[in-house]
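Trainee: Structure provided below as structure tokens; questions to follow.
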Amino acid sequence: MQDKNAINIKGRKYEIKKTKESILSKGEICAGFCDTLNKEICIKIGDNTEDVCQTIVHELIHANLFECGLIEDSGKEDLTEWLEVQFLIIIKQFLKIIGMLYPSKKYDARTIDNLITKLFEVNKCAIHI
């Protein structure tokens, strides 16, 4: 049975925590935090859904870089922010092309996850929604 408050990142279970309180990381207030040592991702939930989604992507990039063995790079904010922007652009392009290829179908997140898993055979690293 899958834990509803956790996600599999490269074979490691990360607990997902949400808070409405400010998050303090390395002496600074931030919207999210990825604790690779304790395998936790904490996200501040606010009124702006777009900001929350961007924070989720940002913290997932930190975790994925770390779990891929790029430990030094996982802490680099400039690299993480660059990858975050590129990922968001690519996923928007991906979804647009899916819409072009299959205009009569409505795809939700679970369907897209299943499609990606089948296409790339990433069963061990798939995001289970």
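Trainee: Every residue in region 1-32 that is outside any loop (DSSP other than H, G, I, E, B), at pLDDT below 85 and open to solvent by 70 Å² or more (accessible area, probe 1.4 Å), please.
Mentor: Result: Leu24, Glu28, Ile29.
Trainee: Taking Thr55 as meeting all but one of (1) among the polar types (S, T, N, Q); (2) touching a Gly at 6+ places or on another chain (Cβ under 9 Å); (3) surrounded by fewer than 12 Cβ atoms within 10 Å (Cβ to Cβ), write down the number of the exception.
Mentor: Failing condition for Thr55: (3).
Residues are listed down the side, and each one gets a yes or a no for (1) at pLDDT 75 or above; (2) surrounded by 12 or more Cβ atoms within 10 Å (Cβ to Cβ); (3) under 20 Å from Tyr14 (Cα atoms):
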site: His62; (1), (2), (3): yes, yes, yes
site: Ile71; (1), (2), (3): no, no, yes
site: Glu81; (1), (2), (3): yes, yes, no
site: Gln86; (1), (2), (3): yes, no, no
site: Met100; (1), (2), (3): yes, no, no
site: Lys105; (1), (2), (3): no, no, no
site: Ile112; (1), (2), (3): no, yes, no
site: Leu119; (1), (2), (3): no, no, no
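Trainee: Can you tell me which residues in region 23-57 are polar (S, T, N, Q) and either touching a Cys at 6+ places or on another chain (Cβ under 8 Å) or in contact (Cβ under 8 Å) with a residue 24 or more places away in the chain (or both)?
Mentor: Answer for region 23-57, where residues must be polar (S, T, N, Q) and either touching a Cys at 6+ places or on another chain (Cβ under 8 Å) or in contact (Cβ under 8 Å) with a residue 24 or more places away in the chain (or both): Thr36, Gln54, Thr55.
The values are calculated or read from the model by the stated rules, or taken from the named source; none is laboratory data. Here the structure is a predicted model, which means the values were calculated and not measured. So basically every Cβ, Gly included, is an ideal-geometry build from the backbone, and we count neighbours across all protein chains shown. With ligands, DNA and RNA removed, areas are computed over all heavy atoms of the protein, side chains included. Shrake-Rupley method; radii C 1.70, N 1.55, O 1.52, S 1.80 Å.
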